[in-house]
Structures are given as structure tokens and as C-alpha cells.
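Each remark here refers to the structure printed beneath this line.
The values are calculated or read from the model by the stated rules, or taken from the named source; none is laboratory data. As the structure is a computational prediction, the values presented were derived from the model and not from experiment. Every residue, glycine as well, gets a Cβ built from its backbone with ideal geometry; the counts of neighbours run over all protein chains shown.
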Amino acid sequence: MKRKNTIAYIEAVSSILLNIILFGFKFWIGIISSSVAMIADAWHTLSDSFSSIIVLIGINISNKPPDKEHPYGHGRAELIATVIIGTILALVGGNFLLESIRKFQAQEGALFGKPALIITGISVIIKELMAQFAIWGGEKTGSKLLIADGWHHRSDSFSSLVILIGILLGRFYWWADSVLGLLMSLLIFYASYEILKDSISALIGEKPDKELMDKLIELVKSRINIPVHLHHIHAHNYGDHKEITFHIELPPKMSLKEAHKIADEMEILIRSELKIESTIHIEPLS
């Protein structure tokens, strides 16, 4: 938990500072070159700062201990924050799509200079490094929120790369800026879809993945000294706090005391080995 918080804070704070600096340079170049793609890219970069602020808020709320109103903790605040980031991305993409269509209809081109090439090239490198750090941190700590923020950075890196290509093509084709702005909006929509799909699915509730079920069954088989049949397995994800419920079948002539003892052993085993709280329903073996 402590490591996760440290990585999240480093990622979020560095992201906020670097994105504000990059936004300033990109927006300035977009204004002087009359480039909708560059201005859109600048606002996309600034939206990364907003998402990083949401990362900080989400992590802080998710770290709150369980209370009377929230007995399972506040871990799903991280998923809610991830949904907010995905929604912001979708709104940004929609705005860029409309502006690109408007500029294409008006046949407006863009005039790029050497500063645009330099700043855009630097942006591609910095944003990809930020994306790699955030995604690495998310995979290391199991944080969907950090991974979402990483993909937000990566979509910005992709869009800057598209702008870089547009700068080179814009000298020959007036419509290059509008078309690349359109392509960039599609990239943003795709990133938004991926983020929202995973986080909303987790909020609604997903069936246990095969890896978890295999680990659970293998753990019980190897550590419990009598055959136990598991079924009706349901997993509940509350961020760092996870719960699992399932049924087990035991010999019908076994005493209630013995059956309860086995269930207790299994709960302790699952808690220590898988870091999951379990609730077990006992049934007579048919």
C-alpha cells in the first residue's frame, strides 16, 4: 500500500508540472501557427494535468479505512476516478473532432515553423516516458487508475507524433492539419473507450478471472487434508480490499464443529496466501 501511494504521488505531481509546461509551449505555437491540431494537442496535454489531480484525489480517498457507512473501505474511489479520467478524454476528443471538421470545411491550413518541430519532438519523448512510468507503476501495484493515467499520457504522445508528421506534410497539403486533428480525436476516443470499458466493468462486477479460480482451487487442494468441492465462486473487488464468496461440499455425517473448523482453516489460508477475505457456505456432499 505504501509503495503504491509513493509511486502514485510521484507520477501525479511530476505529471502536473511537466504537462503545464508543455501546454504553455504547445498552445503558444498553436496560436502563432493557426493550427487546430496543435491547439487541440495543447489542451489534451493540459487535460493530463487534470487527470493527474484526479489520481491524487482518488488515491487519497481510496486509502481511507473502512467506516460505518463503508464497511468494505473506499477502494472503489480509485475506479470512480478512472471513469472520470476516461470521460474527460472522451470530451476532449469530441471537441477536437468538431474543430477539425470546421477547419476542413473552411479550408484553413496551418503555418508551422522550426519551434513547432522542436517542441513537438520533445513532447513525444517526454510524454512516452511519463506513460511508461505510470503504466509500470500501475502494473507493479495493481492500480487501474495509474494505468489509465499512463494511457492518457501515451495518447498525448501519439497525438504529438501525429502533429509532427502533420508539420512535415503541411508544407505540401493545406488539409493536413485538419485531417491529422481528426485522426488525433479518434486516437483519444479509443483511449477513452479502453479506460471506461475496464473501469466500468469492474464497478458493475466481474466474474472471477480464471487465474484466481485456479489459484484458489489449487491452494485448497494442496493445503486442506480432505477433498473439498468448491462451486458458486463470486469475487468482489473494492480496490485494495477484495472479498470472495463460495460454497463447499463436505461429508453429510461430518459434525458442524468439524465443518466449521475446515471453513475457518480455509478462510485463514486464503487471507494469508491470496490477501482476500472469504465467506464460505457449507453444504452436505450429494
Open item on the list: Given the options 48, 41, name the one that is in a helix (DSSP H, G or I), more than 23 Å from residue 200 (Cβ to Cβ), at pLDDT below 75 and of a type in the set (Asp, Glu).
Closed with: 41
Open item on the list: Please go through segment 86-107 and give me each residue that is among the aliphatic types (A, V, I, L, M), exposed (fewer than 14 other Cβ atoms within 10 Å of the Cβ) and at pLDDT below 80, ordered by number.
Closed with: 106
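Matching residues to (1) in contact with a Pro (Cβ under 7 Å, 6 or more places away or on another chain); (2) of a type outside the set (Val, Ile, Thr):
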{"site": "245", "(1), (2)": "no, no"}
{"site": "251", "(1), (2)": "no, yes"}
{"site": "257", "(1), (2)": "no, yes"}
{"site": "267", "(1), (2)": "no, yes"}
{"site": "276", "(1), (2)": "no, no"}
{"site": "279", "(1), (2)": "no, no"}
{"site": "284", "(1), (2)": "yes, yes"}
TODO: Looking at (1) closer than 28 Å to residue 165 by Cβ; (2) at pLDDT below 75; (3) polar (S, T, N, Q), find the lone condition where residue 63 falls short.
DONE: (1)
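Can you tell me which residues in segment 172-208 are under 30 Å from residue 271 (Cβ atoms) and within 18 Å of the chain's Cα centre (by Cα)? Quick ask: steps written out before the conclusion?
As a first pass, look at segment 172-208 and keep what is under 30 Å from residue 271 (Cβ atoms): 198-208.
Of everything in segment 172-208, those that are under 30 Å from residue 271 (Cβ atoms) and within 18 Å of the chain's Cα centre (by Cα) turn out to be 198, 199, 200, 201, 202, 203, 204, 205, 206.
Select from segment 218-256 the residues that are of a type in the set (A, V, I, L, M), surrounded by fewer than 14 Cβ atoms within 10 Å (Cβ to Cβ) and without any contact (Cβ under 8 Å) to a residue 12 or more places away in the chain and list them in ascending order. Walk me through it before giving the result.
Going residue by residue through segment 218-256, those that are of a type in the set (A, V, I, L, M) are 219-220, 224, 226, 228, 230, 233, 235, 244, 248, 250, 254, 256.
With surrounded by fewer than 14 Cβ atoms within 10 Å (Cβ to Cβ) added as a condition, the list becomes 226, 256.
Across segment 218-256, the qualifying residue is only 256.
Considering only residues of segment 165-214 that are part of a helix (DSSP H, G or I) and among the charged types (D, E, K, R), which is farthest from residue 135 (Cα to Cα)? Explain how you work it out, then say what you get.
At the first step, the residues of segment 165-214 found to be part of a helix (DSSP H, G or I) are 165-169, 176-204, 210-214.
Among the residues that remain, those that are also among the charged types (D, E, K, R) are: 177, 194, 197-198, 210-211, 214.
Numbers: 177: 30, 194: 14, 197: 17, 198: 15, 210: 23, 211: 21, 214: 26 Å.
That would be 177.
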- [ ] Those residues that are more than 22 Å from residue 131 (Cβ to Cβ) and surrounded by fewer than 18 Cβ atoms within 10 Å (Cβ to Cβ), I need them from segment 10-36; list them, please.
- [x] 28, 31, 32, 34
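Does residue 189 satisfy the criteria of being surrounded by 15 or more Cβ atoms within 10 Å (Cβ to Cβ), of a type in the set (Phe, Trp, Tyr) and either in contact (Cβ under 8 Å) with a residue 24 or more places away in the chain or under 30 Å from residue 35 (Cα atoms) (or both)?
yes
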Open item on the list: Within segment 264-286, take every residue that is surrounded by 17 or more Cβ atoms within 10 Å (Cβ to Cβ) and out of contact with any Lys or Arg (no Cβ under 8 Å at 6 or more places or on another chain) and give me the one that is farthest from residue 79 (Cα to Cα).
Closed with: 266
